[in-house]
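The values are calculated or read from the model by the stated rules, or taken from the named source; none is laboratory data. It should be emphasised that the depicted structure is a prediction, and the values quoted were computed from it without experimental measurement. Note that we place each Cβ from the backbone using ideal geometry, even for glycine, and neighbour counts take in every protein chain shown.
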Amino acid sequence: MDVTADELNRRFSADGRIVFREGPGGDPIAVLLAPQGVCEVSVYGGHLLSYRAKGFQDTLWMSPLAEFVQGKAIRGGIPVCWPWFGKPFDGMPEGTYTHGFARRSLWSVAATEYSSSETVLVLELTEATATHPAWPYRYHLQLTVTLGDCLTLDLQTRNLDNRPFTYSECFHAYLRVADIRKVGVYGVEDGPIAFSDDIPHDRIYPKADILAAVKDPVMDRAIGIAADDTGAVVVWNPSLKHSMGDVPLDGSRHFVCVEPANPHQVDAAVTLDPGEAHTMTLRLQPTVLKH
């Protein structure tokens, strides 16, 4: 039986720092507060729904048409793509989910803690709670969300099987912008990446451990993006030409995805021997834009 927000509050809440509430689809959402901001995480998908640093609007974009229904992916925020990114590996069964099954699975709360400067939530997923015919391995997946001066996500994959496995992964971060036509992504190419309403941008850049920024002069802010133990970064904006049922007609004008990843498409997938673990890290921090 699925755990309720009331049960999680009895076990893991902390006055003024950590509370659980029922989300739109009935699954619990963790609300984390720290001196420098607040964030919300759904246990469905281990999905970051919002991150509001003190003095700034939400760093993340969530579609107002997002569906909070088990079995469907939530549009916006930061989905966890695992154990594959994009289309399934060759040979997987027809109908296998794009971007893996972690973002469509109900995660367990493993721990919460806080200090004077940080608030931490730990979620986990194992084959006991999330299995898939295309992924016949024993594993332990742990997502640690740390809210402090910045937002830090650590995704650890551990191989509990008796044979090696290879996986790909991505933090599919939807970053909120005022107008995609007026922003630039810096630090991925030699110059800024620019966008338009008419031309989709969907590219995987082989680039280890990025340090990048989305500069938005309309919102007068820059969103800093740093990643460790990654082999690529994906930059995506579908443009107004590419319609999606859970995105408003002008929705793509208000986000850009900058996604630290280890994707198999550019030979950056991770192979773990039995007992081995790997951790991918993302850090986000908005700052006032320097003109």
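Residues that are at pLDDT 95 or above and surrounded by fewer than 16 Cβ atoms within 10 Å (Cβ to Cβ) within region 17-60 comprise ARG21, GLU22, PRO35, LYS54, GLY55, GLN57, listed in sequence order. Cβ-Cβ contacts under 7 Å between residues 6 or more apart (or on different chains), taken from a first residue in region 195-209 that is more than 17 Å from PRO238 (Cα to Cα) to a second residue that is among the small types (Gly, Ala, Ser) and not in a loop (DSSP other than H, G, I, E, B), are listed as PRO206/ALA232; LYS207/ALA232; ASP209/ALA227. For region 130-148, the criterion of being of a type in the set (A, V, I, L, M, F, W, C), touching a residue at least 12 places away in the same chain (Cβ under 8 Å) and touching a helix residue (DSSP H, G or I) at 6+ places or on another chain (Cβ under 6 Å) is met by none of the residues. Residues in region 206-218 that are out of contact with any Leu (no Cβ under 8 Å at 6 or more places or on another chain), in a strand (DSSP E or B) and crowded, with 20+ Cβ neighbours inside 10 Å: ALA212, ALA213.
Per the listing ARG181, ARG203, ARG221, the residue uniquely at pLDDT 95 or above, buried (at least 16 other Cβ atoms within 10 Å of the Cβ) and either under 23 Å from LYS87 (Cα atoms) or among the charged types (D, E, K, R) (or both) is ARG221. Residues of region 26-59 that are assigned to a loop (DSSP other than H, G, I, E, B), small (Gly, Ala, Ser) and within 14 Å of GLY77 (Cβ to Cβ): GLY45, GLY46. For region 1-16, a residue qualifies if it is surrounded by 14 or more Cβ atoms within 10 Å (Cβ to Cβ), without any contact (Cβ under 8 Å) to a residue 60 or more places away in the chain and aliphatic (A, V, I, L, M), and exactly one does: ALA5. The set of residues in region 228-267 being out of contact with any Ser or Thr (no Cβ under 7 Å at 6 or more places or on another chain), in contact (Cβ under 8 Å) with a residue 40 or more places away in the chain, of a type outside the set (D, E, K, R) and surrounded by 15 or more Cβ atoms within 10 Å (Cβ to Cβ) consists of THR230, VAL233, VAL234, VAL235, HIS254, PHE255, VAL256, CYS257, VAL258, GLN265, VAL266.
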